[in-house]
Amino acid sequence: MVRFRRTALAAVLTVATAALSAAVGLPAPAAAALPTAAVALGDSFISGEGAGAYSPVVDVIGASQPFPGWSAPNSNAYFCHRSPNASLHQADLPGVQARFNLACSGGQPYDIAAASATRAKGRQVAAQLDQLRAVGQTHDIDLVLVGLGSNNSSFTFGSVAEKCANRFIADAWTGWWEFWAYLGGPVEQKPCGDADLATAAQFSAATAETTAAVRQILTTLDQIDADGQHRIVFQDYTNPLPPELAQVYWSEDDRDDTRDKFRALGAERYAAGCPIHRASLAPGHRFSQGLGTLVNSVRATLAAEFPAADLVYLNVQRAFDGARLCEQAGSPTGTLATPIRLQDGPSGVFVTSLSGYDKLDIQRIANACGTYFQTCQESWHPNAAGHRVLGRCLTGAAATASRAVSCVRAPDGTVTVG
C-alpha cells in the first residue's frame, strides 16, 4: 500500500510539473535515454559462420529455433549461424551497451527489406530491416556493421567455392575418360578462371543491387535511431586462401595438380583445408578484390546521397595475411579460416581425410553437401580466431576519423588499422 501511494503521488507530481512547465514556458523534462546498441546486418562473414557456438535464431513467425539436427531443411532459421564469437561481439566498442547480430549466413541484398523465406534457398527469418526496427524501439543505435555483396542474384560465395573445389576434387580422383564411362557425361576438371567466378557484368549488377539494399538501411536508420547519430561500417571480405600455397602442398608422389589424376595430392590438400588448383588462386584473389571494389563503391555512392551520414569503408582483405589455409605447413592448424569439411551424409561427423576413398565414394560425399548444404556451409569462412582479428578491425573502424581504413596483419601477427 505504501508503494502504491508513493507511486501515485509521484505520478501526480509528474503531471503537475509538466503542467507548470507548460504554463510558464519552461521545457518539458527530457525523456530517459535509451541504452546504446551496435547492430550487425548482412551475410555469413558478419553473422559468424565458421566461429561456432551458434545461438538459437528467431524465425519469421517468432519462434526461437535451436539446432534442429543435421538432416533438417537448410532453410531453418538456426542455419543463419549467428555466433557469439562473431566480430561484432569481439570488438572493443566503448559506450555500447548491447549488441544485436541480425546477419544471416547466405544473406543477400534481397533479405534486407524482404523476408529471406520468400526467395529461393532463403532462410525462415524476417527481413533484416524489420529486425532492425525492433531494435530501434528499445535501443539507441550507435554503430551498424554491414557486410553485403558476396551473395546476390548474380553469384554467391558458396556457389563459387563449391565450383572451384569440386573441379579440383574431380581432377584429382578421376581421369577424363572415367566420367564418360562411369558417370555418363563430362565434369569440369580445369582450374577456375575469372569468368567462372564473376563477370564484369555480374559485378556491375551486384553493385547496383547492394547499393539499393544499403540505401534502405540508411533511410530506415534515419527514421528509427533515437538521436540520429550512428556510424555505419561497410566491411568487405578476406580470402581464406593465400595468393600461393606453401611449397609442401605443391606435389605429392611426384604429381602436381597439372597432371591427370593426383589422388595423394588431392587428399593432402583436402586434409589441409585447401582443395583447390594452384591456378585458381589468382582468379580467387581478383574475385575478392572485386568484392572490395563493390563494397567501396556502395559506400562512395551513398556518401554522396547522404552527405551528413557517418559512413566508413573497412577493407579487411589483408587481415588474414600469413595465416590463411595452406599458406604455411601444418594447415589448418594456426589458420584464421575454416577448412573445407564435408560429411558423408548428415551424420554430424566430418570427413577429415579423403585418403583411401575412390571416385564413387567422393561423388557420394560431395552429393551429401548438395543435399544437406548445412553440413558443409562453414567451409572457407573465418573461424573463431579469425573473428577475433576481424573484431580488432572493427574496433579500429569504429574509432577512426577516416572515411576508409585498411586492416592488415603483419608476419608477427600484429594487426593494424589505418
For the pair Arg318/Ala410, report the inter-label distance in nm, with labels modelled 7 Å from Cα in the Cβ direction. 1.2 nm
Distant alpha-carbon pairs in the stretch 255-383 (separation over 18 angstrom), percent: 65 percent
Longest principal axis of the chain (C-alpha) makes with the long axis of helix 2-24 (C-alpha) an angle, in degrees to the nearest 10, of 80 degrees
For the stretch 371-417, state which trypsin sites (Lys or Arg not before Pro) are in a DSSP loop and have at most 13 other beta carbons lying within 10 Å of their beta carbon. Arg403
Relative contact order of the chain: what whole-number percent is it, with Cα pairs under 8 angstrom and at least 6 residues apart? 19 percent
With a cap of 14 neighbouring Cβ atoms within 10 Å, and only residues DSSP puts in a loop, list the GluC sites (Glu not before Pro) found in the stretch 250-307. none
Helix 263-272: angle to the longest alpha-carbon principal axis of the chain, degrees 0 to 90, nearest 10? 20 degrees
Determine the distance separating the Cα centre of the stretch 53-95 from the Cα centre of the stretch 331-357; give it in Å without decimals. 22 Å
Could you give the spread of the C-alpha atoms of the stretch 194-260 along their three principal axes, from largest to smallest, in whole angstroms? 65, 27, 12
Counting only DSSP beta bridges with both partners in the stretch 36-417, the antiparallel fraction in percent, to the nearest 5, comes to 30 percent
Please list, in order along the stretch 61-71, the HN-Hα scalar couplings obtained from phi with the Karplus expression 6.51 cos²θ - 1.76 cosθ + 1.60 (θ = phi - 60°), rounded to whole Hz, x for Gly and Pro. 9, x, 8, 6, 10, x, 3, x, x, 5, 8
Enter the angle in degrees (range 0 to 90, nearest 10) between the Cα long axis of helix 384-399 and the first principal axis of the Cα atoms of the chain, meaning the one along which they spread out most. 40 degrees
log10 of Debye I(q)/I(0), alpha-carbon scatterers only, for the stretch 120-270 at 0.16, 0.17, 0.18 Å⁻¹: -0.97, -1.04, -1.11
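In terms of the Cα gyration tensor, with a ≥ b ≥ c the square roots of its eigenvalues, is the stretch 335-418 rounded because a/c is under 1.5, prolate because a/b exceeds b/c, or oblate?
prolate
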Got a sec? Charge dipole of the chain, +1 on Cβ for Lys and Arg, -1 for Asp and Glu; which of Trp173, Ser353, Val233 is way out at the positive end? Val233
Share of Cα-Cα pairs in the chain beyond 35 Å, whole percent, is 33 percent
Tell me the label-point distance for the pair Ser347, Gln247, using the 7 Å Cα-to-Cβ offset, in nm and rounded to one decimal. 3.8 nm
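Values in this text are rule-based calculations from the coordinates and carry no lab data. In this text the structure is predicted, and so the values were computed from the model without any measurement. Methodologically, a virtual Cβ is constructed for each residue, glycine included, from the backbone with ideal geometry; neighbour enumeration extends over all protein chains shown.
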